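Below is one structure, written out as structure tokens, with a few remarks after it.
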Amino acid sequence: TSTQARLDGFFTVL
Amino acid sequence: MFEARLVNSSTFRKVLDAIKDLLNEASFDCSENGIQLQAMDSSHVSLVSLNLKSDGFDKFRCDRNLTMGMNLTSLGKVFKCSGADDTVTMKAQDYADTVTFMFESKKQDKISDYEMKLMNLDQEHLGIPDTEFSCIIKMPSIEFARIIRDLSQFGESIVISCTKEGVKFSAQGDIGTGNVKLAQTHNFDKEEESVTIDLQEPVALTFACQYLNSFTKATPLSNQVKLSMCENVPLVVEYQIPELGHLRFYLAPKIEE
């Protein structure tokens, strides 16, 4: 099984 | 004062068609450099990044930076009122709460204008780090759309794996499995039909079909699509908009547990 990652962890909030 | 004129209003309509599945509303940031949009879908799995350069417009004036929050369903309704060959001019005053779209027919015998209310959207801007990608695949956008559509019948996810031999798209599910392999082909006469792979190291990543299918709604914008992949980094799917800019989609991978 695989889970869907979210983008929040990849990008930084400016 | 903001004013932007685009002879091919259909290009903007195609951009809208390409993003409306993912976003209900979005802020268009206007500056002297052009129009930018950056927004994540509601589940924070994908991000849309649009860049339209000011010099790609037939006329562009932006005296003061302006953020125009728009409901994309409403914007779609406005553009539905345009003819395929119409020219569009977007106008907004500084600090305005409305934007006006004027459509002119080719022969200048029909002019229509629509004023749309703007929204105050509290959207955060994200810093997207520069990534050294393991592989960059360029291929015909129609072929990419076809493969994603075909393989979506087999499962909810597609594995994209890239080696020096080529790129392989795979899906599996209850009815069985599907694999599509593409080798590099360089067609010097028809550049847009080429498949090219710039590989640093082999990579295989899994992505949700639902999002990949949404991205392919941008196919009418460009003959080629560029896929950039790297382990543990979002996939970047890029459509160049000739002479105007680009539309990029970022997609978080599915991760094996």
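Scanning segment B:162-189 for residues that are buried (at least 18 other Cβ atoms within 10 Å of the Cβ) and small (Gly, Ala, Ser) returns B:170, B:171, B:178. Scan segment B:223-257 for residues that are out of contact with any Lys or Arg (no Cβ under 8 Å at 6 or more places or on another chain), of a type in the set (Asp, Glu) and closer than 25 Å to residue B:187 by Cβ and the total you get is 1.
Out of the residues in segment B:29-53 that are in contact (Cβ under 8 Å) with a residue 24 or more places away in the chain and within 15 Å of residue B:11 (Cβ to Cβ), which is surrounded by the most Cβ atoms within 10 Å (Cβ to Cβ)? Here the answer is B:35. Scanning segment B:206-235 for residues that are within 11 Å of chain A (Cβ to nearest Cβ) and either small (Gly, Ala, Ser) or under 30 Å from residue B:7 (Cα atoms) (or both) yields one hit, B:208.
Filter segment B:171-183 down to residues that are in contact with a Lys or Arg (Cβ under 9 Å, 6 or more places away or on another chain), touching a residue at least 12 places away in the same chain (Cβ under 8 Å) and not hydrophobic (A, V, I, L, M, F, W, C), then give me how many there are.
Of the residues in that region, 1 qualify.
Here B:98, B:67, B:73 are screened, and the one residue that is in contact (Cβ under 8 Å) with a residue 12 or more places away in the chain and out of contact with any strand residue (DSSP E or B) (no Cβ under 8 Å at 6 or more places or on another chain) is B:73. Got at least one residue in segment B:134-149 being more than 14 Å from chain A (Cβ to nearest Cβ) and at pLDDT below 95? No: segment B:134-149 contains no residue that is more than 14 Å from chain A (Cβ to nearest Cβ) and at pLDDT below 95. Among the residues of this structure, residue B:4 counts as one that is of a type in the set (Gly, Ala, Ser) and in a strand (DSSP E or B).
Which residues, counting only those in segment B:236-255, are part of a strand (DSSP E or B), under 13 Å from the mean Cα position of the chain (by Cα) and not aromatic (Phe, Trp, Tyr)?
The answer is B:236, B:237, B:238, B:240, B:241, B:245, B:246, B:247, B:248, B:251.
For the residues B:112, B:74, B:152, the requirement of being more than 14 Å from every other protein chain (Cβ to nearest Cβ), polar (S, T, N, Q) and either buried (at least 18 other Cβ atoms within 10 Å of the Cβ) or under 30 Å from residue B:187 (Cβ atoms) (or both) singles out B:152. Pairing each residue of segment B:148-160 that is outside any helix (DSSP H, G or I) with any residue that is β-branched (Val, Ile, Thr), provided the two are 6+ apart or on different chains, yields C-beta distances under 6 Å for B:157/B:206; B:159/B:206. Yes or no: residue B:210 modelled with pLDDT of 95 or more, in a strand (DSSP E or B) and under 23 Å from residue A:11 (Cβ atoms)? The answer is no for residue B:210. From the residues in segment B:236-252 that are within 14 Å of another protein chain (Cβ to nearest Cβ) and surrounded by fewer than 23 Cβ atoms within 10 Å (Cβ to Cβ), which one is nearest to residue A:10 (Cα to Cα)? If we take residues in segment B:236-252 being within 14 Å of another protein chain (Cβ to nearest Cβ) and surrounded by fewer than 23 Cβ atoms within 10 Å (Cβ to Cβ), then B:236 is nearest to residue A:10 (Cα to Cα).
Just one of the numbered conditions (1) more than 14 Å from chain A (Cβ to nearest Cβ); (2) crowded, with 16+ Cβ neighbours inside 10 Å is not true of residue B:157: (1).
The values are calculated or read from the model by the stated rules, or taken from the named source; none is laboratory data. No experiment lies behind these values; they were computed from the predicted model shown. A quick note on method: Cβ atoms are made from the backbone with ideal geometry, for glycine too, and the neighbour counts reach across all protein chains shown.
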